[in-house]
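A.B. asks: Right, I'll just put the structure down here and ask away after.
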Amino acid sequence: MHELFKVQQKMDRRNFLTKATLGIGALALSNLMKAESQEEMMAAIPGLPHFAPRAKRIVFLFQSGGPSQLETFDYKPKLKDMFGQDLPDSFRKGQRLTGMSANQSSLPIAPSVYDFKQYGESGAWVSELLPHTAGIVDDLCFVKSLYTEQINHDPAITFFHTGHQLPGRPSIGSWMSYGLGSLNNNLPTFVVLQSKNAGGQPLYARLWGNGFLPAEHQGVQFSSGKDPVLYLNDPEGYDGKDRHRMLGYLKGLNSVQKSAYGDPEIDARISQYEMAYRMQSSVPEMADMSDEPDSVFDMYGPDSRDPGTFAANCLLARKLLEKDVRYVALYHRGWDQHVYLPGGIKNQCKATDQGSAALVKDLKQRGLLENTLVIWGGEFGRTVYSQGKLTKTNYGRDHHPRCFTMWMAGGGVKPGLSYGETDDLSYNITKDPVHVHDFHATIMHLFGVDHERLTFKHQGRRYRLTDVHGHVVKKLLV
């Protein structure tokens, strides 16, 4: 009330009505005027992109919990002869362990119970758990030498999304929104989807948060229910004209407050209200799957008919990308298999394999893959040794930050490439290491952004996604 009283003191009636009228007029004008070109809609920061981009959209299929590279893409045949042997000190090299396995009397080596084969012209090794992904390996770029500094989920996931292990920094999607702007005036620049009923480690909004960037750059979460975006629909007895009129008055009030205090967050608030108004018509159309033929559902698998599943979200992601949403983050939890890994990872692969492969194929057949970057992977890998009791058919794996595998497709990366190598135990990297900051720098490069030049001044210093590190891995690029 004190703040409102101060505004009231500064504004007489005539001044208020004048500014409010201008605000309403500005809102009406913004609805009448459309961007003359896609480039005008894209504009965010002058001078960006820094050079010609190879990608303009991205979908990150984030597999939360840390998928085991040993059961998916990093084939290690010599492990079969090492079953139950203690992890040699020459491999561990004093690496710290989590509290979950640090006190074990031994660290017994656990070979994967699943078979691997080579596929495609590229000859990529893929587990029997991922038959659909195996069918598209020649479109994929595998990075088998990723590593991170974080050994526990919370800091590792935060690090992978924001470039820092502590909360408070902007997510990579927010940096994209801030630097490059929107490609579609009627949908958010940055959309977040989560698989329902996946279980596992919790996810938190800071992973798609704007941090210290303006609020309009945060991710907008879509749900799987009747209303994809909460509170977007008009209340009962309220129509679109009422909403438009209310927004006009609200913008006027916000403009008055902005002129009195100069707070840039007020502009963000105005922008978000206007976006919400436009989304009232664009989002229901986006969520409507009735126009998709049976052949598309068949490609994505039976789960794609069940809203909120990973497969259904992959299909929704394709529709969002087709409408030029800049950044889509699709989260699937449940990959944290400390015990009973063989059964757990089998279920996870079954839930995600077909949808992931279908998204790549669908984008390719629609001519979108060339300038859409698809990324699959989690925050770290898993240990070669068993956490807990080891048997011939059962074991668990602990967190392993020293090496893990991700794949990319489209958007200017080399298809049919397997980059980087690990040792015979998939414990250490032996060739071409790629740090998380390097991975971020490479992603930004694909979008025409020099990661060292996209910065934001906060609390007296300039911040960037890659902090003070990161190099573009040019061998991954076409």
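Readers should treat all values here as calculations from the given coordinates under stated rules, not as data from a laboratory. In this text, all values refer to a predicted model and were calculated from it rather than measured experimentally. As a convention, Cβ positions derive from the backbone with ideal geometry for all residues, glycine included, and neighbour counts pool all protein chains shown.
A.B. asks: Tell me, what is the percent relative contact order of the stretch 276-414, built from C-alpha pairs under 8 Å that lie six or more residues apart?
C.D. replies: 21 percent
A.B. asks: Here's a follow-up. What percent of all Cα-Cα pairs in the stretch 426-478 falls into each 5 Å bin, going from 0 up to the bin containing the maximum distance?
C.D. replies: Computed distribution, short to long bins: 4, 20, 26, 18, 15, 9, 5, 3, 1.
A.B. asks: Counting alpha carbon pairs within less than 8 Å and at least 6 residues apart, what relative contact order, in whole percent, applies to the stretch 349-478?
C.D. replies: Worked out over the stretch 349-478, it gives 19 percent.
A.B. asks: Pop out the ³J(HN,Hα) list for the stretch 103-109 in order, Karplus 6.51 cos²θ - 1.76 cosθ + 1.60 with θ = phi - 60°, rounded to Hz; leave Gly and Pro as x.
C.D. replies: 3J(HN,Hα) across the stretch 103-109, in whole Hz: 9, 5, 5, 8, 10, x, 5.
A.B. asks: In addition: At a Cα cut-off below 13 Å, give the aspartates and glutamates reachable from LYS414, other chains included and same-chain residues fewer than 8 away excluded.
C.D. replies: Counting by Cα, and skipping residues close in sequence, LYS414 has these aspartates and glutamates nearby: ASP138, ASP139, GLU370.
A.B. asks: Which pairs, out of LYS117/LYS323; LYS196/LYS474; LYS78/LYS346, put more than 31 Å between their alpha-carbon atoms?
C.D. replies: In this structure, LYS117/LYS323; LYS196/LYS474 exceed 31 Å between Cα atoms.
A.B. asks: LYS258: which lysines have alpha carbons under 22 Å from its alpha carbon, excluding same-chain residues fewer than 8 sequence positions away?
C.D. replies: Cα-Cα hits under 22 Å: LYS6, LYS10, LYS19, LYS457.
A.B. asks: Further question: Ratio of alpha-carbon Rg to the 2.2 N^0.38 Å globular estimate for the stretch 366-463, to two decimals, please.
C.D. replies: 1.43
A.B. asks: Another one. Can you pull the Rg over Rh of the stretch 103-185, Cα-only, Kirkwood?
C.D. replies: Taking Rg over the Kirkwood Rh, I get 1.12.
A.B. asks: With all distinct Cα pairs included, what does the Kirkwood hydrodynamic radius of the stretch 107-240 come out to in Å, to one decimal, could you say?
C.D. replies: About 18.8 Å for the stretch 107-240.
A.B. asks: Separate question: Using a Debye calculation, one point per C-alpha and no hydration shell, please list log10 I(q)/I(0) for the stretch 303-347 at q = 0.33 Å⁻¹ in order.
C.D. replies: Evaluating at q = 0.33 Å⁻¹ gives log10 I(q)/I(0) of -1.09.
A.B. asks: For the stretch 325-358 and the stretch 105-121, what is the centre-to-centre distance using only Cα atoms, to the nearest Å?
C.D. replies: 18 Å
A.B. asks: GluC sites (Glu not before Pro), restricted to the stretch 127-230: which are DSSP loop and have at most 16 other Cβ atoms within 10 Å?
C.D. replies: Details: sites: GLU128, GLU149, GLU216; in loops: GLU128, GLU149.
Counting only loop positions with at most 16 other Cβ atoms within 10 Å, the GluC sites (Glu not before Pro) in the stretch 127-230 are GLU128, GLU149.
A.B. asks: Turning to a different aspect of this structure: May I ask you to list the aspartates and glutamates whose Cα is less than 16 Å away from that of LYS93, ignoring any residue fewer than eight positions away on the same chain?
C.D. replies: Straight-line reach from LYS93, under 16 Å: GLU149, ASP423, ASP424.
A.B. asks: When only DSSP loop residues count, what trypsin sites (Lys or Arg not before Pro) in the stretch 334-378 have their Cβ near at most 12 other Cβ atoms within 10 Å?
C.D. replies: When the trypsin sites (Lys or Arg not before Pro) of the stretch 334-378 are filtered for loop state and at most 12 Cβ neighbours within 10 Å, ARG366 remain.
A.B. asks: Still on this structure, I have one more. Return the loop-located trypsin sites (Lys or Arg not before Pro) in the stretch 68-157 (DSSP other than H, G, I, E, B) with at most 14 other Cβ atoms within 10 Å of their own Cβ; answer none if there are none.
C.D. replies: LYS93, ARG96
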